[in-house]
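The values are calculated or read from the model by the stated rules, or taken from the named source; none is laboratory data. These numbers were taken from a predicted model, which means no experiment stands behind them. Every residue, glycine among them, receives a Cβ derived from its backbone with ideal geometry; neighbour counts consider all protein chains shown.
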Amino acid sequence: MEMERINENLIKVIIDVEDLEERGINFLDLISDQASVEKFFYSILTEVGVEQQFYDSETITFQVIPSNNGIELYISRASFDEMENFWDTEIFKRLRERKAENSSASMTPRERIEQIRKSMLENGNDSDSETDELDEDAFYSYPVVCFETLDDFIQFARLAKDYGLEGDLYEMNGRYFFHIYHFEDLVPGTEPYFSVLKMLDYGEAHPATLAILEEYGDLIRSVDSIYYFGTHF
C-alpha cells in the first residue's frame, strides 16, 4: 500500500488486491457492503498516519477509482460548499490524466471503433497503416469484458464463434465476465483482434482481475466459451 499527498486537503492511497485481501475486503464489498467499506476507509486513515488531521475536518470524502491491480482511494477533507469545485479541480483532473495516458483522443471506445470502420470504408486498402493506428487507440487495456446478461454474451458469441478467440466465462454478482486468453498477444487486423473490438457493442471493459473472478465468481465455461455458447444457444 502506497500513499501520495496531492495537496493539504487530498491524499491518494494505492491499494492492490493483496492489500484488500489482508484486510478482509473484497471487490464486491466495495460495491455493496457500505458499513464494512466505511470502517475499512477510516482504518486506512490510521494506517497512513493522517487520522487526526482528517478527523478534525468538517467533512471527509472517499472516492474509489478501480486500477488494473486493485483500487486508488482518494481521501479529501473540505466543507460542503467547497466540495463541488474541489472534486472538479482535483479528482476529475486525475481521471482525465489517466484517460489521456490510455488514449490519444477523448472519444469513447465505441466512437473510435466507428471511426475505424468509416476509415476502412472511405479509404479502402490504402489506409491500412492509419487503420492499425486507430485500432491501437480503440483497444482496451483490460483483458476482461463485463456483460449485463448472459443473453448479451450469447448474442456476441453467435457472431464470433468462428474467430478463434478463447477465454473463460464467469458469473459474479448477477453479471457475466469474460476473461480473454493471451490478450496482450492479439495481433491488430486479425479476426480475434476485431472480435474483441466487437465485444464493446455488447459489453464493457472491466478492471476486475482474474484473481477476483477466480475467488468470488463462478466459472461457467473455460477456454471455448465463445464457440460453445455461439454454437449451442
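Inside region 195-221, can you point out the residues that are under 17 Å from A160 (Cβ atoms) and part of a loop (DSSP other than H, G, I, E, B)? L200, D201, Y202, G203 - these are the residues of region 195-221 that are under 17 Å from A160 (Cβ atoms) and part of a loop (DSSP other than H, G, I, E, B).
The residues in region 182-209 that are modelled with pLDDT under 85 and under 28 Å from E72 (Cβ atoms) can be counted, and the count is 14. The residues in region 53-66 that are modelled with pLDDT of 65 or more and in a helix (DSSP H, G or I) can be counted, and the count is 2.
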